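Below you'll find the structure I mean.
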Amino acid sequence: MTKPLNIGMIGYGFMGRAHSNAYCKVNHFFDLKYRPVLKAVCARNAENAKAFADQWGYESIETDWRKLVERKDIDVIDICTPNNTHAEIALAAAAYKKMILCEKPLAMNGPEGLKMVQAIEKAGVANMVWYNYRRVPAVTLAKNLIDEGKLGRVFHYRAKFLQDWTIKADLPQGGQGLWRIDVAAAGSGVSGDLLAHCIDTALWLNGPIESLSATTETFVKERKHNLTGKVEKVGIDDACMFMCRFANGSLATFESTRYARGHKALNTFEINGENASLSWDLHDLHRLGVYDYKEGEGKLRGWKSVHVTDNSPEHPYMDKWWVPGLQIGYEHSFVHQVADFLTGLASGKPAMPDFRDAYRTQVVLDAIMESAKDGTWKKVAAV
Ligand code: SOE
C-alpha cells in the first residue's frame with residue numbers, strides 16, 4: 001500500500017502543468033512508498049483555478065495561498081509562482097511545517113534564499129527545488145561517469161542556455177506569461193532564469209565555483225508594463241556571460257541570452273578531463289557525447305554519441321520506462337524528480353537539490369550580479 005501525500009500547488013502556469021503531470025505519472029512507473037494526491041490548486045482567479053483543477057484532477061481550489069498553507073489536509077506546498085513570491089510563501093509554509101517543493105530559482109537573491117534555508121531547516125521538513133535537468137538520464141549518466149573517475153583531472157567546463165523570445169522590442173513586460181521580463185517579479189533576467197539551471201548542473205557535476213567575472217547587457221532598455229500600462233525601464237539582464245574558476249582548478253565559461261536568433265532552448269554543457277570529455281545538448285537530450293582517450297586505437301578514436309535508453313540500471317531511470325532504444329523527453333525529468341523526492345522521503349536520505357543546495361546557486365548568481373556591476377573578479381562565498 002502506498003501512503004498518500006497531499007499536494008497543494010500554488011500557481012498553474014507552464015511549471016504547474018509540468019509538476020502536475022509528474023505527480024500524475026510517477027506511481028505508474030516507479031515503485032514508491034508514497035503517492036502524490038492532487039488535493040488543491042491555488043490561483044487568484046477562481047475561474048482559472050477551477051479550469052486547471054478540472055483539467056488535471058485537483059480535488060479542490062483556493063484563491064488565497066495563505067488558506068492553502070493553513071489547511072490541515074495538505075502535506076506538501078508546491079510553489080510554482082513568480083520568483084518574488086517564493087520566500088513569503090515558503091516562510092509561511094515552513095511555519096505550518098509543510099514540506100515544500102519550490103520552483104527555481106529558490107529566491108530573488110542570496111540573503112532571501114538563506115532565510116528560506118533557515119526556515120525550512122528549523123521546521124525540519126522535507127524540501128526540494130525543481131532544478132529538473134539533473135534528472136535527464138543522459139545528464140545523470142554524466143554525473144555517474146564523473147563520480148567513477150572517468151574524466152580524471154578536469155580542465156574545462158563550458159555551458160550555454162540560449163533563447164530568442166524577447167528580441168521584439170515591442171514585447172511588453174510584466175503580468176502573466178511575461179513576468180520573467182519584469183525585474184520586480186523575476187529578480188533578474190537570464191541569469192536567474194536560465195543560467196541558474198546551468199550553474200546548478202555545473203556545481204553538481206564539477207563542484208564549487210571559487211571566483212568569477214561576469215558581464216550582462218539589457219538590449220531593450222524600455223518596455224510597456226502590462227500591469228501599469230506605462231513604458232518602464234527594463235531592469236533585467238537580457239544576456240549574461242561569465243567566466244570562472246572551479247575549486248578543482250578547472251576553468252569555465254557560461255553564456256545565456258534571450259537574443260540568440262533561432263535558438264529556443266539551447267541548453268548545453270561540455271566538460272573536458274585529462275582522460276575523457278562529455279557533452280550534452282537539451283535538443284538531443286537522450287544522448288551523451290563521450291570522448292574516451294583510452295578507448296580504441298588512435299585511428300578509430302573519436303567522439304561517440306551514447307543513446308541513453310538502455311533499460312538497465314546503468315542508464316539512469318531508463319529501466320522504469322520502455323524497451324531499449326525508445327526515448328523519453330523533457331517532462332520525464334520532472335517525473336524523475338518527484339520519484340527521487342518520494343524515495344528520499346521513505347529512506348530518510350533527502351533528494352537534492354534541497355533548499356540549502358539550491359542556495360549555493362543563489363550565491364553564485366549574487367557574485368555574477370556584483371561582478372557585472374563593477375567589472376571585477378569576485379570570490380564566491382563557500383556555503
Ligand atoms: C524560460 O523560457 C524557461 O521556461 C525557464 O523558466 C525554465 O526554467 C527553462 O527550463 C526553460 O525556459
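The values are calculated or read from the model by the stated rules, or taken from the named source; none is laboratory data. Keep in mind the model is a prediction, meaning the values are calculated, not measured. A quick note on method: Cβ atoms are made from the backbone with ideal geometry, for glycine too, and the neighbour counts reach across all protein chains shown.
Restricting to the stretch 150-169, count the residues that are in contact (Cβ under 8 Å) with a residue 12 or more places away in the chain, out of contact with any helix residue (DSSP H, G or I) (no Cβ under 8 Å at 6 or more places or on another chain) and not aliphatic (A, V, I, L, M).
8
For the condition closer than 18 Å to residue 160 by Cα, surrounded by fewer than 12 Cβ atoms within 10 Å (Cβ to Cβ) and within 16 Å of the ligand (Cβ to nearest atom), what is the one hit in 329, 262? Steps first, answer last, please.
Working: 329 fails: closer than 18 Å to residue 160 by Cα.
Residue meeting the stated conditions: 262.
If you don't mind, another one. Restricting the search to the stretch 115-133, which residues are surrounded by fewer than 21 Cβ atoms within 10 Å (Cβ to Cβ) and in contact with a helix residue (DSSP H, G or I) (Cβ under 6 Å, 6 or more places away or on another chain)?
Within the stretch 115-133, 119, 123 meet the criteria.
Criterion first (surrounded by 17 or more Cβ atoms within 10 Å (Cβ to Cβ) and either within 30 Å of residue 273 (Cα to Cα) or within 16 Å of the ligand (Cβ to nearest atom) (or both)) does residue 160 satisfy it? Working first, answer last.
Values: surrounded by 17 or more Cβ atoms within 10 Å (Cβ to Cβ): yes; either within 30 Å of residue 273 (Cα to Cα) or within 16 Å of the ligand (Cβ to nearest atom) (or both): yes.
Yes; evaluated as a whole, the condition is true for this residue.
Next question, about the same structure. Exactly one condition in (1) under 30 Å from residue 362 (Cα atoms); (2) away from the ligand (no atom under 16 Å from the Cβ); (3) outside any loop (DSSP other than H, G, I, E, B) is not met by residue 51; state its number.
Going through the list (1) under 30 Å from residue 362 (Cα atoms); (2) away from the ligand (no atom under 16 Å from the Cβ); (3) outside any loop (DSSP other than H, G, I, E, B), residue 51 breaks only (1).
If you don't mind, there's one more thing I want to ask. Given the condition within 21 Å of residue 163 (Cβ to Cβ) and in the same structural domain as residue 204 (by TED's automatic domain parsing), answer yes or no: does some residue in the stretch 314-321 qualify?
Taking every residue of the stretch 314-321 in turn, none turns out to be within 21 Å of residue 163 (Cβ to Cβ) and in the same structural domain as residue 204 (by TED's automatic domain parsing).
While we're looking at this one, here's another question. I want to confirm something. Restricting to the stretch 238-259 and keeping residues that are charged (D, E, K, R) and either without any contact (Cβ under 8 Å) to a residue 40 or more places away in the chain or within 14 Å of the ligand (Cβ to nearest atom) (or both), which single residue is surrounded by the most Cβ atoms within 10 Å (Cβ to Cβ)?
Of the residues in the stretch 238-259, the ones charged (D, E, K, R) are 238, 245, 255, 258.
This time we only want the ones that are either without any contact (Cβ under 8 Å) to a residue 40 or more places away in the chain or within 14 Å of the ligand (Cβ to nearest atom) (or both), so: 238, 245, 258.
On the way: 238: 20, 245: 16, 258: 25.
Per the criteria, the residue is 258.
To continue, here is another question. Can you tell me which residues in the stretch 184-222 are more than 16 Å from the chain's Cα centre (by Cα), touching a residue at least 40 places away in the same chain (Cβ under 8 Å) and not in a loop (DSSP other than H, G, I, E, B)?
184, 185, 206, 209, 210, 211, 212, 213, 214, 215, 216
Working only within the stretch 1-19, note down all residues that are away from the ligand (no atom under 16 Å from the Cβ) and either closer than 13 Å to residue 52 by Cβ or not hydroxyl-bearing (Ser, Thr, Tyr) (or both).
Residues of the stretch 1-19 away from the ligand (no atom under 16 Å from the Cβ): 1-10.
Once the filter is applied, which keeps residues that are away from the ligand (no atom under 16 Å from the Cβ) and either closer than 13 Å to residue 52 by Cβ or not hydroxyl-bearing (Ser, Thr, Tyr) (or both), the stretch 1-19 yields 1, 3, 4, 5, 6, 7, 8, 9, 10.
Something else about it: Checking residue 333 against (1) in contact with a Phe, Trp or Tyr (Cβ under 9 Å, 6 or more places away or on another chain); (2) more than 20 Å from residue 131 (Cβ to Cβ), only one condition comes out false. Which one?
Checking residue 333 against (1) in contact with a Phe, Trp or Tyr (Cβ under 9 Å, 6 or more places away or on another chain); (2) more than 20 Å from residue 131 (Cβ to Cβ), the one that fails is (2).
Here's the yes/no breakdown for (1) at pLDDT 95 or above; (2) farther than 23 Å from residue 336 by Cα; (3) within 16 Å of the ligand (Cβ to nearest atom):
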position	(1), (2), (3)
118	yes, yes, no
144	yes, no, no
164	yes, yes, yes
181	yes, yes, yes
208	yes, yes, no
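Show me the strands (runs of 3 or more DSSP E) found entirely inside the stretch 269-317 where at least 3 residues are touching a residue at least 12 places away in the same chain (Cβ under 8 Å) and loosely packed, with under 15 Cβ neighbours inside 10 Å. It would help to see each step written out before you state the result.
Details: elements: 276-281, 287-292, 303-307.
It comes to 303-307.
Is it the case, given these coordinates, that residue 195 is in the same structural domain as residue 274 (by TED's automatic domain parsing), within 15 Å of the ligand (Cβ to nearest atom), under 24 Å from residue 351 (Cα atoms) and touching a strand residue (DSSP E or B) at 6+ places or on another chain (Cβ under 6 Å)? Steps first, please.
On the way: in the same structural domain as residue 274 (by TED's automatic domain parsing): yes; within 15 Å of the ligand (Cβ to nearest atom): yes; under 24 Å from residue 351 (Cα atoms): yes; touching a strand residue (DSSP E or B) at 6+ places or on another chain (Cβ under 6 Å): yes.
For residue 195, the condition - in the same structural domain as residue 274 (by TED's automatic domain parsing), within 15 Å of the ligand (Cβ to nearest atom), under 24 Å from residue 351 (Cα atoms) and touching a strand residue (DSSP E or B) at 6+ places or on another chain (Cβ under 6 Å) - is met.
Moving to a separate point now. Before we move on, is residue 100 β-branched (Val, Ile, Thr), surrounded by 16 or more Cβ atoms within 10 Å (Cβ to Cβ) and in contact with a Phe, Trp or Tyr (Cβ under 7 Å, 6 or more places away or on another chain)? Can you show your working first?
Working: β-branched (Val, Ile, Thr): yes; surrounded by 16 or more Cβ atoms within 10 Å (Cβ to Cβ): yes; in contact with a Phe, Trp or Tyr (Cβ under 7 Å, 6 or more places away or on another chain): no.
So residue 100 fails the test.
From 174, 124, 149, which residue is outside the structural domain of residue 222 (by TED's automatic domain parsing) and away from the ligand (no atom under 14 Å from the Cβ)?
124
Still on this structure: Whether any residue in the stretch 95-110 is more than 16 Å from the ligand (Cβ to nearest atom), of a type outside the set (A, V, I, L, M, F, W, C), under 21 Å from the mean Cα position of the chain (by Cα) and closer than 17 Å to residue 363 by Cα is what I want to check.
Checked the stretch 95-110: at least one residue is more than 16 Å from the ligand (Cβ to nearest atom), of a type outside the set (A, V, I, L, M, F, W, C), under 21 Å from the mean Cα position of the chain (by Cα) and closer than 17 Å to residue 363 by Cα.
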